[in-house]
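The values are calculated or read from the model by the stated rules, or taken from the named source; none is laboratory data. Remember, predicted model here, so these are calculated numbers, not experimental data. Please note: Cβ atoms are built from the backbone with ideal geometry, for glycine as well, and neighbour counts cover all protein chains shown.
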Amino acid sequence: MTRYTSFHPKTEIVFGPGLLDRLEAFGGQRVGIVTDSFLAGSGALQRVMHHLRDAEVQVFEDAAPESPLEVVQRGARMFENFKPDAIVALGGGSPIDAAKAILAIVRGFDSDHRIQLVAIPTTSGTGSEVTAYAVVSDPAKGLKFPLVSQELVPDIALLDPELVRTAPARVTADTGMDVITHAIEAVVSTGANNFSDACAEKALELAFGYLPRAYEDGDDMEARDAMHQASCLAGIAFTNAGLGLNHGLAHALGGRLHLVHGRLNALLLPVLIAWNAEAPKTARRYARISRRIGLDVPSPRAGVRALTREIEALNKRFGIPSTLKGMGVDLNEFCRIRSEIAAAALADACTASNPRTPTQAELDSLLASLAG
Ligand SMILES: NC(=O)c1ccc[n+]([C@@H]2O[C@H](COP(=O)([O-])OP(=O)(O)OC[C@H]3O[C@@H](n4cnc5c(N)ncnc54)[C@H](O)[C@@H]3O)[C@@H](O)[C@H]2O)c1
Ligand SMILES: [Fe+2]
């Protein structure tokens, strides 16, 4: 059994003026681009293509929310004969995760041919540009689950906040709450360490400070830049420390009830913090977060309450409901599949690093309290 821990930064993270020039290093090579139809038509793809003008490019623009397996297989078939030297993923978490899953299949066709993965996020949310995770779904079976492998970590991440400028307030809020969930789960995770804490706590300082500004004014580029870096920092934190039950439940619920990932995480977060904080060590970690973001923390319990209240206030400001009913879930359907959701959350890879291990019965009652 391995007893040591390693912190494994692999991705070259590029930020600052003119960063898309980094793509010009792929001149003369074959480059496959994976994106979605919105970004393909939005001007973002044209900007990227401009910097790849000396490369031979093929574009797969069918990436879809939650990365359905059927889309992944179609993308892999498209690139099977093209034999790209690099895959560039352009978009939110869905296109980046689709690109990772496509790459895993395409690498299998010819394991001697090295294919680089370049991720260009256009939302400030998943941190997928630096993580070993790719969340895929099987809509027919109502399943959504993370693939986890160091092979999925991108080689290069290009953090251009200009590409996020067009994200509407709704997407900014949902994805921004995903950042906060990643960083909080990383801090209390069983895999947390000083290196992951450094990234997670900085991510939280930036996200609590700048998310309201990015939400109110999408052209506030200082806020957009801060949120883009916060998202990446949170990604570094959780890919090393692990996530927790919040994400385990979000995958189990999201796959079956088709709910937006970040918004669902935000709804779950205050409830999960209160439940996890029953362990004194975890309560102290939440209180450390509260102190870092400038809240009043006379005791660990007060720190937990202050953090929960802060998140509830953000959710209210962003119009994020506090119950599944408020998210539009059919409660009869929810009750019918509740124990199936609890079982799926228990089996989810993210749940393993939660600081408190739930029983199926505890999960069932947590879920019941969310219905509304
Ligand atoms: N791989 C990981 O580490 C990881 C971590 C957390 C979540 N995820 C997964 O990522 C997916 C969610 O990703 P997401 O939250 O980034 O959303 P997304 O990629 O599904 O995008 C949401 C919507 O925003 C649009 N959009 C994206 N960028 C835009 C821009 N700049 N301007 C305007 N519209 C834009 C998209 O076209 C889409 O309609 C989920 O499947 C989730 O489970 C992955
Ligand atoms: Fe997430």
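Points to keep in mind about this one:
- Counted residues, segment 193-236 - those being in contact (Cβ under 8 Å) with a residue 12 or more places away in the chain, touching a Lys or Arg at 6+ places or on another chain (Cβ under 7 Å) and charged (D, E, K, R): 4
- Residue within segment 97-115 that is under 20 Å from V34 (Cα atoms), in a loop (DSSP other than H, G, I, E, B) and within 14 Å of ligand 1 (Cβ to nearest atom) present: no
Each row is one residue, and each column tells you yes or no for (1) surrounded by fewer than 24 Cβ atoms within 10 Å (Cβ to Cβ); (2) part of a helix (DSSP H, G or I); (3) within 13 Å of ligand 1 (Cβ to nearest atom).
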site	(1), (2), (3)
A119	no, no, yes
T123	no, no, yes
A140	yes, yes, no
L163	no, yes, yes
R170	yes, yes, yes
M177	no, yes, yes
T181	no, yes, yes
L204	no, yes, no
A207	no, yes, no
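- Complete set of residues in segment 179-211 that are within 16 Å of ligand 2 (Cβ to nearest atom) and acidic (D, E): E185
- Verdict on E61 being at pLDDT below 95 and acidic (D, E): no
- Selected residue (only one of A104, A119, A134 is touching a strand residue (DSSP E or B) at 6+ places or on another chain (Cβ under 9 Å), within 16 Å of ligand 2 (Cβ to nearest atom) and under 19 Å from R30 (Cα atoms)): A119
- All of (1) outside any helix (DSSP H, G or I); (2) touching a Lys or Arg at 6+ places or on another chain (Cβ under 8 Å); (3) within 24 Å of G142 (Cβ to Cβ) hold for L259 with one exception: (2).
- Pairs where the first residue, in segment 272-292, is not assigned by TED's automatic domain parsing to the domain that holds T351 and the second is assigned to a helix (DSSP H, G or I) and charged (D, E, K, R), C-beta under 7 Å, 6+ apart: none
- For segment 256-306, a residue qualifies if it is aliphatic (A, V, I, L, M) and touching an Asp or Glu at 6+ places or on another chain (Cβ under 8 Å), and the qualifying residues are L257, V260, A266, I289, I293, L295, A302, A306.
- Residue match in segment 292-315 (condition: in a loop (DSSP other than H, G, I, E, B) and touching a Pro at 6+ places or on another chain (Cβ under 8 Å)): no
- For segment 123-154, a residue qualifies if it is free of Cβ contacts under 8 Å to residues at least 12 places away in the same chain and in contact with an Asp or Glu (Cβ under 9 Å, 6 or more places away or on another chain), and exactly one does: A140.
- Which listed residue, of N265, N276, N246, N240, is buried (at least 19 other Cβ atoms within 10 Å of the Cβ) and away from ligand 1 (no atom under 16 Å from the Cβ): N276
- Annotation: L233 fulfils all but one of (1) over 14 Å from the mean Cα position of the chain (by Cα); (2) within 16 Å of ligand 2 (Cβ to nearest atom); the unmet one is (1).
- Residue check, G93 touching a Ser or Thr at 6+ places or on another chain (Cβ under 6 Å), closer than 21 Å to N246 by Cα and within 16 Å of ligand 2 (Cβ to nearest atom): yes
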